[in-house]
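Below is one structure, written out as structure tokens; comments come after it.
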Amino acid sequence: MEMGEELRRRTKEIDQLLERYLPLETGHQKTIFKAMNYSVRAGGKRLRPILMQESFRLFGGSGSEIEPFMAAIEMIHTSSLIHDDLPCMDNDELRRGMPTTWVKFGYDMAVLAGDSLMVYAFETASKAFALTAHTERAARSIGLLAEKTGIYGMIGGQVVDVELTDKPISHEKLDFIYRLKTGALLEASMMIGAILGGAKEAEVLKVQEIASAVGLAFQIQDDILDVTGTKEQLGKPVLSDKKNHKTTYVTLCGLDKAREDVAEVSNRAIALLGELPGQNQFLEKLIAALVTRKN
């Protein structure tokens, strides 16, 4: 089976898994449930839950305790996209070819939907305790998920990104933003998979290093696509970073250097993956595919 076909199959499986954890659209507060579900169902690559599941399998994991965390990581990612699109942030009206949440439900409901998904993600992740005999692994994973989501992770990176809009950004600060804003959730995905799969501490740290490289490659490729992609390919407006006066890897280093570096970083991640005791060809192919993706 070709990589593209396999990814589509896996994405469909994740979509089905998410449906089992989304709230029912009933009750007096059903508007927020509709906004949450609309945002999650908008689709996407589902890269984070796939990476989590593959890391889990890499270390021999086979139970269902990974599933609540797979749903939770996608809820948190979706929450960040809702907030990114708001008028006070990127002011985008299109996401994955559909109206953004604030356009569909209003600014107020979009803020609440983003907040709700982030909180509901931890409620969802906590369901893993009932599915595992290794409750200490689940507890550590929830702590890690909170750390990588919050002020020392994704939100911390977003803070620096927002503060430096319209201002010159050094390579060091751009790396910091990318490592936290994009890399942190990818690190959480792969590290949680490894932890729940029973990885040793040194192996978890190696997985973090791999995920950090994957996150950097993913974000650089995003910057490239913002310049070279089309609205139809991306499902959102192109040149969004330029519109918002944001420094990116492309504006800082140039398109050719960005292309060279995304390949180099991806190759480094694959090399590190080979140093782990297990083997996972799909995971290796997935990391390699990030270099050539068009959306």
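Each reported figure results from applying straightforward, stated rules to the coordinates on display, with no laboratory input. This one's a predicted model, so the numbers in the text were calculated from it and none came from an experiment. Cβ: placed from backbone, ideal geometry, glycine included. Neighbour counts: every protein chain shown.
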>> From the C-alpha coordinates alone, can you work out the Kirkwood hydrodynamic radius of region 85-190, in Å?
In response: 15.7
> Just A258, A202, A128 to compare: in a GNM of the chain, with alpha carbon springs under 10 Å, which one fluctuates most?
Replying inline: A202
> Got the relative contact order for the chain handy, in percent, Cα pairs under 8 Å and 6 or more residues apart?
Replying inline: 20
>> Cβ neighbours within 10 Å, averaged per peptide: list 33-39, 165-171 in order, most packed at the top.
In response: 33-39, 165-171
>> Explain nothing, just compute: Karplus ³J(HN,Hα) = 6.51 cos²θ - 1.76 cosθ + 1.60, θ = phi - 60°, for every residue of region 264-277 in order, whole Hz, x for Gly and Pro.
In response: 5, 5, 5, 5, 5, 4, 5, 5, 5, 4, x, 7, 7, x
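Set the bar at 23 Å for Cα to Cα. Now go through K206/K257; K206/K294; K104/K181; K104/K294; K45/K181; K45/K294 and name every pair that lies beyond it.
Exceeds cut-off: K206/K257; K206/K294; K104/K181; K104/K294.
Just to confirm the filter: which trypsin sites (Lys or Arg not before Pro) across region 111-206 are DSSP coil and have at most 13 other Cβ within 10 angstrom of their Cβ?
Filter output for region 111-206: K200.
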> When all C-alpha to C-alpha distances in region 69-129 are sorted into bins of 5 Å, what percent of pairs does each bin hold, rounded to whole numbers?
Replying inline: 4, 21, 27, 21, 14, 9, 3, 1
> What span do the alpha-carbon atoms of region 146-205 cover on each of the three principal axes, reported in whole Å from largest to smallest?
Replying inline: 45, 20, 12
> Which aspartates and glutamates have a Cα less than 16 Å from the Cα of K12, not counting those fewer than 8 places away in the same chain?
Replying inline: E2, E54, E67, E74
> For region 53-98 and region 146-170, what is the separation of their C-alpha centers, rounded to whole Å?
Replying inline: 18
